Amino acid sequence: MQSLLLVAGSYLFGAISPAYVICRALSGIDLRTIDSGNLGARNAGRALGVPVGITVLALDMVKGLLPVLFARASGAPFNLQIACGAATVVGHNWPIYYRLKGGRGAGPMTGAIAAFLPFEIGAALALALVLLRVTGSYYFGGIAAAPFAIALAYGTGKRGVDLWSPFVIVVPLVLRHIPDAIAHLRERKTRLP
């Protein structure tokens, strides 16, 4: 019962959208009606500027971190901590409060993985920023961050099946990106001569 409450609580906590709340409070707009319609840092930054986007990203990362730390403090076993991290990302991506229209999950995923691999995820964020600078695309950095963190952990001598467990937290992010990737490929196909 405690396990179910922790996972359900993580989902409900993850479903709270800083992007939605901040944009509503500052400008009265519903972020779901702006640009991509996603309730995430990137869309918030487009709507209200870079400082708002950075603030939302930071809050999304904290949102991913806290349920894992709470589960750990409650004495939850490792796998339940992983489940809480994944549930938080699911809540962010498909929030019950906003008709299942959320963000893409990069912020809370990063925060959740940071609970297990803090040094590695810091280095992965640095890589993501470099890729953003070089490519001008958020997708490359977001997709590369978690695998890079795990590869770095192995490279620095960490071993064991538990090391790969945080990768489960990436699954909701990948699922959320599939429709966008398909749409992007279709758009490119229609542009071909």
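Some values worked out for this structure:
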{"quantity": "Test: residue in the range 62-76 that is in contact (Cβ under 8 Å) with a residue 60 or more places away in the chain, outside any helix (DSSP H, G or I), touching a His at 6+ places or on another chain (Cβ under 8 Å) and surrounded by 19 or more Cβ atoms within 10 Å (Cβ to Cβ)", "calculated": "no"}
{"quantity": "The range 31-53: number of residues that are aliphatic (A, V, I, L, M) and within 14 Å of the chain's Cα centre (by Cα)", "calculated": "2"}
{"quantity": "Residues of the range 132-164 that turn out to be surrounded by 15 or more Cβ atoms within 10 Å (Cβ to Cβ), of a type in the set (A, V, I, L, M, F, W, C), under 20 Å from PHE116 (Cα atoms) and modelled with pLDDT under 75, as a count", "calculated": "5"}
{"quantity": "All positions within the range 102-114 that are open to solvent by 10 Å² or more (accessible area, probe 1.4 Å) and either under 11 Å from ASP60 (Cβ atoms) or hydroxyl-bearing (Ser, Thr, Tyr) (or both)", "calculated": "ARG104, ALA106, THR110"}
{"quantity": "Count of the range 81-101 residues which are open to solvent by 20 Å² or more (accessible area, probe 1.4 Å) and either in a loop (DSSP other than H, G, I, E, B) or among the aliphatic types (A, V, I, L, M) (or both)", "calculated": "7"}
{"quantity": "Which numbered condition THR88 fails, given (1) within 14 Å of the chain's Cα centre (by Cα); (2) at pLDDT below 95", "calculated": "(2)"}
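The values are calculated or read from the model by the stated rules, or taken from the named source; none is laboratory data. The structure presented is a predicted model; accordingly, all values stated were derived computationally and were not measured. As a convention, Cβ positions derive from the backbone with ideal geometry for all residues, glycine included, and neighbour counts pool all protein chains shown. Heads up: the accessible areas ignore ligands, DNA and RNA and are worked out on the full protein's heavy atoms, side chains in. Shrake-Rupley method; radii C 1.70, N 1.55, O 1.52, S 1.80 Å.
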